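Take a look at the structure set out below.
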Amino acid sequence: MVISGFQQLKQSLRHTPPKGAVVAAAHDLHTLQAVFAAQKDQLIRPILVGRRQEILDLSRQLDVSLSPDQIIDTEGEAACAERAVDLIRAGAGEMLIKGMLQTSSLLRAVVNKQTGISTGRLMSHVAILDVPSYPKLLFDTDGGMVIAPDLEQKRHILQNALDFCRFLGYDCPKAAVLCAVEMVNPHMPETLDAAALKEEARRGDFGPCAVEGPISLDLATDPQAAQVKGYRSPVAGDADILLCPSIAAGNLLGKALYGLAGGQMAGVVLGASVPITINSRGATPEEKYSSILICSAMSPAGPSRS
């Protein structure tokens with residue numbers, strides 16, 4: 001299965017039951033617009049952690065009625081993050097949604113060794129991009145968590161992204177380990193890492209997948225460029241996952257595809273016990289909704305293939 005865009009993914013979930021979702025610092029208009037839209041579409045059953053009166057005022061503004069047990073009255077960023085994580089640990093939700101709080105505040109509660117929901121795996125960020133000029137979703141990683149990953153960290157980032165795609169129903173996801181050039185160059189360490197990851201994938205270390213690298217962005221996403229350059233690979237011109245050499249590269253790529261290229265973007269952090277939506281506090285309701293949509297699709301069976 002290959003997902004062409006967010007609309008196809010939404011259609012694939014029309015027969016699946018809604019997931020429990022905990023929203024940290026839910027007292028935010030854009031967050032509640034996304035959450036209530038996802039609730040209306042039967043993607044989630046939300047529990048709202050945050051300032052009760054503000055949540056109630058905003059819900060009335062949006063013409064949505066809430067039951068008393070949907071709101072957990074909580075003040076302050078740290079307290080909202082901790083209470084939301086507590087609820088996930090107690091089994092109240094299958095995803096964690098970031099509201100009006102800093103990412104660092106939420107992740108601090110997530111990785112707390114005593115009370116958090118870390119699994120011990122490296123946590124990494126994936127930006128899921130629906131770009132008009134590309135025929136399917138692109139998974140850009142890691143532009144939000146790991147600053148300068150070494151080879152071992154790249155292994156975990158790649159495994160997280162591959163597992164994520166398989167959760168969404170991909171049988172054999174295609175990953176491009178991006179570099180500036182296509183040849184191994186000892187003066188460019190990222191090309192050595194790319195070649196190592198390709199060989200490890202060939203051995204079967206990452207499960208069913210195709211991994212190519214070093215490979216440039218144009219060869220990974222443009223079949224005509226790959227043909228002109230004579231670059232032959234099942235990944236060339238058809239990548240699903242774009243594994244970037246640094247957080248700067250991943251962040252710039254995601255924002256270029258989202259902003260300048262007119263794409264839609266969702267953001268998810270992987271590696272915790274549940275998926276976590278991570279969007280800017282200034283993100284649009286549509287972007288926040290797309291992130292919830294992605295998390296709703298994550299299940300052992302993947303989305304419906306009907």
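The values are calculated or read from the model by the stated rules, or taken from the named source; none is laboratory data. The shown structure was predicted, so the numbers you read here are calculated from the model rather than taken from an experiment. Backbone-built Cβ (ideal geometry, glycine too); neighbour counts: all protein chains shown. Just so you know, the surface numbers come from the protein's heavy atoms only, side chains and all, with ligands and any DNA or RNA stripped out. Shrake-Rupley method; radii C 1.70, N 1.55, O 1.52, S 1.80 Å.
Restricting the search to strands (runs of 3 or more DSSP E) fully inside segment 1-104 and requiring at least 1 residues that are modelled with pLDDT of 95 or more and more than 21 Å from L270 (Cα to Cα) gives 44-50, 71-73. Being within 13 Å of the chain's Cα centre (by Cα), farther than 20 Å from K10 by Cα and modelled with pLDDT of 95 or more is the requirement here; does G254 meet it? For G254, the condition - within 13 Å of the chain's Cα centre (by Cα), farther than 20 Å from K10 by Cα and modelled with pLDDT of 95 or more - is not met. Taking G120, is it without any contact (Cβ under 8 Å) to a residue 12 or more places away in the chain, assigned to a loop (DSSP other than H, G, I, E, B), under 18 Å from V268 (Cα atoms) and not charged (D, E, K, R)? For G120, the condition - without any contact (Cβ under 8 Å) to a residue 12 or more places away in the chain, assigned to a loop (DSSP other than H, G, I, E, B), under 18 Å from V268 (Cα atoms) and not charged (D, E, K, R) - is met.
Of T74, T119, all but one fail to be touching a Lys or Arg at 6+ places or on another chain (Cβ under 9 Å) and among the hydroxyl-bearing types (S, T, Y); the exception is T74. Within segment 47-97, restricting attention to residues that are of a type outside the set (A, V, I, L, M, F, W, C) and open to solvent by less than 50 Å² (accessible area, probe 1.4 Å), the residue that is nearest to the chain's Cα centre (by Cα) is G93.
Can you confirm whether segment 235-255 contains a residue that is polar (S, T, N, Q) and within 30 Å of G20 (Cα to Cα)? Yes - at least one qualifying residue is present in segment 235-255. Checked against the criteria, L242 does not count as hydrophobic (A, V, I, L, M, F, W, C) and free of Cβ contacts under 8 Å to residues at least 24 places away in the same chain.
Restricting attention to segment 252-268, which residues are out of contact with any Asp or Glu (no Cβ under 9 Å at 6 or more places or on another chain) and either in a helix (DSSP H, G or I) or within 12 Å of F139 (Cα to Cα) (or both)? Answer for segment 252-268, where residues must be out of contact with any Asp or Glu (no Cβ under 9 Å at 6 or more places or on another chain) and either in a helix (DSSP H, G or I) or within 12 Å of F139 (Cα to Cα) (or both): L252, K255, A256, G259, L260, V268.
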